[in-house]
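The values are calculated or read from the model by the stated rules, or taken from the named source; none is laboratory data. Quick caveat: nothing in here was measured; it's all calculated off a predicted structure. A quick note on method: Cβ atoms are made from the backbone with ideal geometry, for glycine too, and the neighbour counts reach across all protein chains shown.
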Amino acid sequence: LDNGLALTPTMGWLHWERFMCNINCDKDPDNCISEKLYMQMADVMVKEGWKDAGYEYVCIDDCWPSHDRDAKGRLQADPRRFPGGIKKLADYVHSKGLKLGIYGDVGKNTCAGYPGSLGYYEVDAQTFADWGVDLLKFDGCYMNWTLLGEGYVNMSKALNKTGKSILYSCEWPLYEWPYQKVSDEHKEYLFRYNSLPDETIRLMLCYIKEHFCTSSFPVAGPGGWNDPDMLVIGNFGLSHDQQESQMALWAIMAAPLLMSNDLRNICPRSKKLLQNKLIIDISQDSLGKQGSLTGKFDSFEIWERPLSEKRLAAAVLNKQEIGGPRGFVIRAIPGWKMCDPKCNVTQILPEYKEMGVQTPKSNIVLSVNPSGTALLTITPLSSDFTEMYK
Ligand SMILES: OC[C@@H]1[C@H](O)[C@H](O)[C@@H](O)CN1C(=S)Nc1ccc(F)cc1
């Protein structure tokens, strides 16, 4: 959808993978789905450099509403967990210079059984607009599969009708069979299509542990991004190598960077990784071209993304889980052919290393940890440029 939103992949925080549907505010007040959680995350995002790094959306996921609509048929937040209501929460988030995302469902109920928007698309779109919501994640549960597309299109039109610019983040392709089938119609109406099933994020965990999904994502670009779901960096499930792999791959794929973790309590290494400016620059690159899998051999996967100014980002993933670090000769990267007659190479992960001017015959060997990734940027140099890097 080209109305000036989502020109680069969305960046922010989303509650689901870390806080799920925890509504037990009596016993677990610090981690339950309540206005306090989002206000605290917004505070931390400003205080701890997340906003400055580019993370701007604070997103509510499922389980926020009351089970009953109000007298006018409008959705309302659970009054005990959100005593101030969503509008007040949006005002608070906006006062911090951030944006608020909310969650709805195209069908009768949300996946966790709260009221869905079927039959209420215009009412709900207007309600979200009146509250000052900036993003809507629209799920696809409890919906007659043959009416799914019509529902998503109708909500897209209803959102447009409000006259407010609300980033429309859909799970439409997720509920299409086969998965990841994103048609032109999807792209026309969607900004960010969450094109992998939720279990894939868990599978993605095991993918990150064992292998990455190698399904080629449909082409994305400014105004519409494929979304392999939340960043789980800073949680409990991944080793640091696997966290580096997720961050590198999401940047190469031009995927939205929506963290789902506890920013109030995150280990310094994970925070440094999530705030790594060079990786975020790859993710947010102005060319807006999504990267892809360009090579697979000897239990390595190479993922490459063309960047602005003729540069290339390359990620070398060691899919082997056992054993120790393995060497990968840098000139075996398919895109290395652009290093002709020379190029300048910067390694970003696993640690920053200026590799300087290289030639097509470079013998540099990258060391890649099991389930880890080496991430590079390669800048081609024409012969006269070499002087600059001497
Ligand atoms: O209830 C909301 C939850 C989160 O929003 C996820 O990000 C969405 O992918 C949807 N969702 C869940 S658990 N959805 C879901 C997960 C598994 C399944 F078989 C059917 C639906």
Checklist entry - Can you spot a residue in the range 319-331 that is in contact with a helix residue (DSSP H, G or I) (Cβ under 6 Å, 6 or more places away or on another chain) and under 19 Å from ALA248 (Cα atoms)? => result no
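Residue-wise test of (1) among the aliphatic types (A, V, I, L, M); (2) more than 26 Å from ASN226 (Cβ to Cβ); (3) assigned to a helix (DSSP H, G or I); (4) in contact with a His (Cβ under 9 Å, 6 or more places away or on another chain).
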site: GLN290; (1), (2), (3), (4): no, no, no, no
site: LYS310; (1), (2), (3), (4): no, no, no, no
site: VAL316; (1), (2), (3), (4): yes, no, no, no
site: GLY324; (1), (2), (3), (4): no, yes, no, no
site: ASP340; (1), (2), (3), (4): no, yes, no, no
site: VAL345; (1), (2), (3), (4): yes, yes, no, no
Next on the checklist: Take the conditions touching a residue at least 60 places away in the same chain (Cβ under 8 Å), assigned to a strand (DSSP E or B), on the phi < 0 side of the Ramachandran plot and surrounded by fewer than 18 Cβ atoms within 10 Å (Cβ to Cβ) and apply them to THR294. Does it pass?
Outcome noted: no
Checklist outcome for this item: If you go through ASN265, ASN276, the only one that is surrounded by 17 or more Cβ atoms within 10 Å (Cβ to Cβ) and either at pLDDT 95 or above or not basic (Lys, Arg) (or both) is ASN276
Checklist entry - Which one is nearest to SER165 (Cα to Cα), of the residues in the range 2-31 that are within 16 Å of the ligand (Cβ to nearest atom), outside any loop (DSSP other than H, G, I, E, B) and touching a Leu at 6+ places or on another chain (Cβ under 9 Å)? => result GLY12
Checklist entry - Of all residues in the range 129-149 being closer than 19 Å to GLY73 by Cα and in contact (Cβ under 8 Å) with a residue 40 or more places away in the chain, which is farthest from the ligand (Cβ to nearest atom)? => result ASP130
Next on the checklist: Condition first: within 16 Å of the ligand (Cβ to nearest atom), over 30 Å from LYS277 (Cα atoms) and without any contact (Cβ under 8 Å) to a residue 60 or more places away in the chain. Can you find one or more residues in the range 82-96 that meet it?
Outcome noted: no
Checklist entry - Among the residues of the range 239-274, how many are over 27 Å from LYS36 (Cα atoms) and either part of a helix (DSSP H, G or I) or not hydroxyl-bearing (Ser, Thr, Tyr) (or both)? => result 16
